[in-house]
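Engineer: Just dropping this structure here.
The values are calculated or read from the model by the stated rules, or taken from the named source; none is laboratory data. In this text, all values refer to a predicted model and were calculated from it rather than measured experimentally. Note that we place each Cβ from the backbone using ideal geometry, even for glycine, and neighbour counts take in every protein chain shown.
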Amino acid sequence: MGGDPGEAEGGLKARRRATRLDGCTRLALGQPRVILKGWTWETDVKKSVDFGAMSTHIAFQIHLTWRAIRKRFLADARLSEDRITRGSYAVPILIGINPGVSPQEIAAALYLDASKVTLLLRDMEKAGHVDRKPSPSDGRRVELHLTDSGAAFVARAMAEGKRLESRWNEILSDDETAELIRLLAKIRRGHSSDTA
């Protein structure tokens, strides 16, 4: 078993560095290094990975970026005392902004299956965050409303979301953020028109 001890030690340090500093700050392929608030993530392993044609595939790039962001959010959630995950608060936030919205409208807005929204709402009802009420104008329609507990949950979730989102201010300017959101919305609109 030969080998240079110094080289082995260097490889171990690189692996430890890559483990400690996740890849959420590397939002574009071909960017080997990003500094964020004093942290540096060096992509020693990913430098040798060629994504080929996938480097220009929009859907893959969006998915890869979401994986990186999700990894960062999960790491933050483990350190947070109030562990509110992003997947659990989009629905109550929309209900709070749109009181009386229906489950079907929530599903369409979030590109979720109706069955998934039903499960989310069931858990929220058990937690005492959401009330279902029949529509006064259409007996077939169900309206969703936040309870006082649900409003408090949304307030905590919004504060947590603001804290998590603030890190991207170190990566994108206000103009870049606005342009990225505009382009993503354009992609969603195009997708919706194709599948309508």
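Engineer: So residue 138 clears everything in (1) in a loop (DSSP other than H, G, I, E, B); (2) modelled with pLDDT of 90 or more; (3) surrounded by fewer than 14 Cβ atoms within 10 Å (Cβ to Cβ) except one condition, right? Which one?
Structural biologist: Residue 138 satisfies all of (1) in a loop (DSSP other than H, G, I, E, B); (2) modelled with pLDDT of 90 or more; (3) surrounded by fewer than 14 Cβ atoms within 10 Å (Cβ to Cβ) except (2).
Engineer: Tell me yes or no: at least one residue of region 156-173 is surrounded by 13 or more Cβ atoms within 10 Å (Cβ to Cβ), touching a helix residue (DSSP H, G or I) at 6+ places or on another chain (Cβ under 9 Å), more than 23 Å from residue 70 (Cβ to Cβ) and not charged (D, E, K, R).
Structural biologist: The answer is no; no qualifying residue exists.
Engineer: Any residue that is without any contact (Cβ under 8 Å) to a residue 12 or more places away in the chain, in a loop (DSSP other than H, G, I, E, B) and either over 19 Å from residue 97 (Cβ atoms) or in the same structural domain as residue 63 (by TED's automatic domain parsing) (or both) - is there at least one of those in region 156-167?
Structural biologist: Among the residues of region 156-167, not one is without any contact (Cβ under 8 Å) to a residue 12 or more places away in the chain, in a loop (DSSP other than H, G, I, E, B) and either over 19 Å from residue 97 (Cβ atoms) or in the same structural domain as residue 63 (by TED's automatic domain parsing) (or both), which makes the answer no.
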